[in-house]
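Q: Sending over a structure as C-alpha cells; questions will come in a sec.
The values are calculated or read from the model by the stated rules, or taken from the named source; none is laboratory data. Remember, it's a predicted structure, so these values are computed and weren't measured experimentally. FYI the Cβ positions are ideal-geometry reconstructions off the backbone, even for glycines, and counts take in every protein chain you see. Heavy atoms of the whole protein, side chains included, go into the accessibility calculation; ligands, DNA and RNA do not. Shrake-Rupley method; radii C 1.70, N 1.55, O 1.52, S 1.80 Å.
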Amino acid sequence: NIYGANDNFDLDDGHVLASLIRRCYDAKRDGTPFLVRGSGTARRQFIESRDLAHVMLRMLEQTAVRLENPYGATSLYDANSGPIIAAPDPSDEVSIRDLATMITRHVGCGPPIFNNNFSDGVLAKTVSNARLRSFWPKFEFTPLEVGIRHAADWFGQRYVCAAQEKVHQLRAGRESDL
C-alpha cells in the first residue's frame, strides 16, 4: 500500500491511508465522528511513495551497472529467485485500528469509531521483502508515523486552500446575484 503526497484522497476510491486522512480532516472540520469502515483488525504494510521511488532508482542503477558489466554484477532479475518486493519489513505491518489512531494524533480529529457493518477485506496481506533486503540490507524505510505526518501535512495545506477557494466562489456567486 503506497501513500504520500499527490495520493488519491477520495473517500470512496482512494487508497486506504489517504482516505483515512481525508476522513479525519472532514470529521475535524465538521465536528463529526471520525468513522472508519470495518473493525480495524485488518493488517497492512505501507510504503511512502518517496521510499518506493528510491527503491526503483536503486533498481535502475543496478540494472545500468549490469548492462555495462554483465559478468561483474549480481542480477536483480533472476527468474529462480522471484520478484523484488518493495515493501517495509513484515514486522512493520500495522492494523487499520492503529493506523487510524496515528492519523488521529496528527490531524487532531476525534478518536476513530469503527463501523462493523463494512467488511475488513482480507485480514492480512503480508509480503516478504527478503529479496530486497538481500540487495540493500540497510535500506531505511520512512517510519509510518513520519510518513503520515508528511502526507497529512501535504493534504492539509491543499485542504485549507480548497476550502478558502470554495468560500471565495460562494461569495463571488452571491455578489453576482446582486
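Q: Filter region 70-83 down to residues that are open to solvent by 30 Å² or more (accessible area, probe 1.4 Å) and within 15 Å of F135 (Cβ to Cβ) and give me whichever is modelled with the highest pLDDT.
A: My answer is P83.
Q: Could you list, in sequence order, all residues of region 15-26 that are in contact with a Leu (Cβ under 9 Å, 6 or more places away or on another chain) and either surrounded by fewer than 21 Cβ atoms within 10 Å (Cβ to Cβ) or of a type in the set (D, E, K, R) (or both)?
A: Correct list: V16, S19, R22, R23, D26.
Q: Further, regarding this structure: Among L67, L60, L52, which is the only one that is farther than 26 Å from C109 by Cα, assigned to a helix (DSSP H, G or I) and modelled with pLDDT of 95 or more?
A: It is L52.
Q: Does region 112-124 include one or more residues that are open to solvent by less than 30 Å² (accessible area, probe 1.4 Å), part of a loop (DSSP other than H, G, I, E, B), of a type in the set (F, W, Y) and at pLDDT 90 or above?
A: no
Q: Now for a different question. Among R58, R50, R29, R37, which is surrounded by fewer than 22 Cβ atoms within 10 Å (Cβ to Cβ) and under 12 Å from the mean Cα position of the chain (by Cα)?
A: None of the other options fit; the residue is R50.
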